[in-house]
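The structure appears below as structure tokens.
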Ligand code: IPD
Ligand code: CA
Ligand code: CA
């Protein structure tokens, strides 16, 4: 297989899977509720099957861990981590979703591909090599001040917190310029990779929500509070990840801001005085 490129094979696989999911969305979707309360459709399962069939045809001894009940122990030491449709709720309602395929070796994600079908964007990265968007290298731009930054988030309920996800988002919104919520973890992560936001704060993530995106964002230059390892227990389906990620210059400040936003006893000082910051939604010039 001289000259064969596994990265572009996985890009093609993710693109084929995402395009197929997009086509199938036009037909009747059979929705079901899983034990954890989240939604699933027959397209989530069919998309996962398509991805597994393609990868298995090339790499029969690799393992698989996928959201839709997929758990195959391989013998090669490599495991593909798949979220066939990240953002099922969005998918059902005609909003952006992503296909996420990561490769884990020695508890570390080493290759990641995310495909966003609606915008036909393919992001990929190999650890220690580079990150690309539609084949072109991507690099995070220099950080701006946190108070001027847009931050991505997927509000997810934490069982141990008395604050609702939206209370946390609104508290964070007082500490940064803007918080955007996509409804799909990989869409939010790719907002950082594509410089559409300066960072992301994400809670209660499964390994299939983060494996591919961590490689892509860090290879694009993002720093993260997560270690480069997923932990030895990463194949435990109940494990959850909390990740703060962003441009190096704002990471510590963002981490502290997100900790404060989640702390019920934290009270921010009075709102800023002085001229209204147009970036904070002063619409007076729009009349
Ligand atoms: C979910 C989405 C959502 C995030 C959840 C994820 P799914 O993935 O990414 O935005 O808040 O934590 O589980 O179930 O649609 O693949
Ligand atoms: Ca997901
Ligand atoms: Ca999913």
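Please treat every number below as a calculation from the coordinates, not as lab data. Please read these numbers as outputs of a predicted model, since none were measured by experiment. Don't worry about glycine lacking a Cβ; one is built from the backbone with ideal geometry, like all the others, and counts go over all protein chains shown.
The table below lists the values:
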read-out	value
Förster-model FRET efficiency, 22 Å R0, residue 239 and residue 35, C-beta, rounded to 0.05	0.85
Label point distance in nm, residue 259-residue 106, each placed 7 Å from Cα along Cα→Cβ	3.1
Over region 1-114, equivalent-ellipsoid semi-axes from the Cα gyration tensor in Å	25, 16, 12
Inter-label distance, nm, simple model (7 Å from Cα along the C-beta direction), residue 76/residue 227	2.7
Relative contact order for the chain, counting Cα pairs under 8 Å that sit 6 or more residues apart, in percent	16
Measure of compaction for region 146-265 (Cα Rg per 2.2 N^0.38 Å)	0.98
Long-range tail of P(r) for the chain (Cα pairs > 26 Å, %)	44
Efficiency of FRET from Cβ geometry, residue 16 and residue 42, R₀ 22 Å, rounded to 0.05	0.80
Relative compactness, region 58-177, computed as alpha-carbon Rg over 2.2 N^0.38 Å	1.31
For peptides 31-44, 67-80, 210-223, sequence by mean Cβ density within 10 Å, most packed first	210-223, 67-80, 31-44
Burial order of peptide ranges 160-169, 237-246 (average beta-carbon count within 10 Å, highest first)	237-246, 160-169
Helix-only CD estimate at 222 nm, as mean residue ellipticity for the chain, using -39500 (n - 2.57) per DSSP H run (n ≥ 4)	-9000 deg cm²/dmol
Residues residue 6 and residue 166, FRET efficiency given R0 of 35 Å [Cβ-Cβ distance, rounded to 0.05]	0.30
Antiparallel bridges, percent of DSSP beta bridges restricted to region 88-245 (to nearest 5)	75
